[in-house]
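A short worksheet on the structure shown next.
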Amino acid sequence: MNLRKKLLINSLIIGLIIFTIVQAQEKKIKREELPPAVEKTVASESQGAQIRGFSTEVEKGKRLYEAELIVNGHGKDISIDEQGNVVEVEEEVALGSLPAEVKEGLMKAAGRGTITKVESLTKRDKLVAYEAVVKTGAKRHEIQVGPNGKKLTHPE
């Protein structure tokens, strides 16, 4: 294979990788850009909440819309599919309000790090995990445990 063909193939591969990364990135949008079915769900789910903003992204080939809310002083993010179905809810919860086994599981997974934020993850109306942001020195990372406080076999 000559050099020109190799360069062309490498350029195409790099272009495809960049395109894939850009496709997966979240894009901020305005409420008026929401499809009607998504708007209807947002209207019902955001009653009594402060709306912080909206975004959209393509995840596993499907377009999702996210509404960022403040409910009773804590964050709540709702992911909605194009048909208006709630796919996932991430809701901030106080570490002290968690069941003992969940709190213990998160503390164990955090190790020497400090838990700075905890969210419950609900998919299709079922609690699937708790996720925490852990700060260790200057670094931050996320950990997850199941509703029973045990380590998950795969991230949610």
Output the qualifying pairs, or none if there are none: Cβ atoms under 7 angstrom, residues six or more apart or on different chains, first residue in the range 46-63 and farther than 18 Å from Gly75 by Cα, second residue assigned to a loop (DSSP other than H, G, I, E, B) and not hydroxyl-bearing (Ser, Thr, Tyr). Glu57/Gln25; Glu57/Glu26; Arg63/Glu82
Report every pair of residues separated by at least 6 positions or lying on different chains whose Cβ atoms are under 9 Å apart, first residue within the range 99-123 and more than 24 Å from Ser79 (Cβ to Cβ) and assigned by TED's automatic domain parsing to the domain that holds Leu152, second of a type in the set (A, V, I, L, M) and part of a helix (DSSP H, G or I). Lys103/Leu95; Met107/Leu95
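I'd like to check something: does the range 5-19 contain any residue that is farther than 26 Å from Glu82 by Cα, outside any helix (DSSP H, G or I) and modelled with pLDDT under 70?
Among the residues of the range 5-19, not one is farther than 26 Å from Glu82 by Cα, outside any helix (DSSP H, G or I) and modelled with pLDDT under 70, which makes the answer no.
The values are calculated or read from the model by the stated rules, or taken from the named source; none is laboratory data. Predicted model only: the values in this text are computed from it and were never measured. Ideal geometry is used to build each Cβ from the backbone, glycine not excepted, and the neighbour counts take in all protein chains shown.
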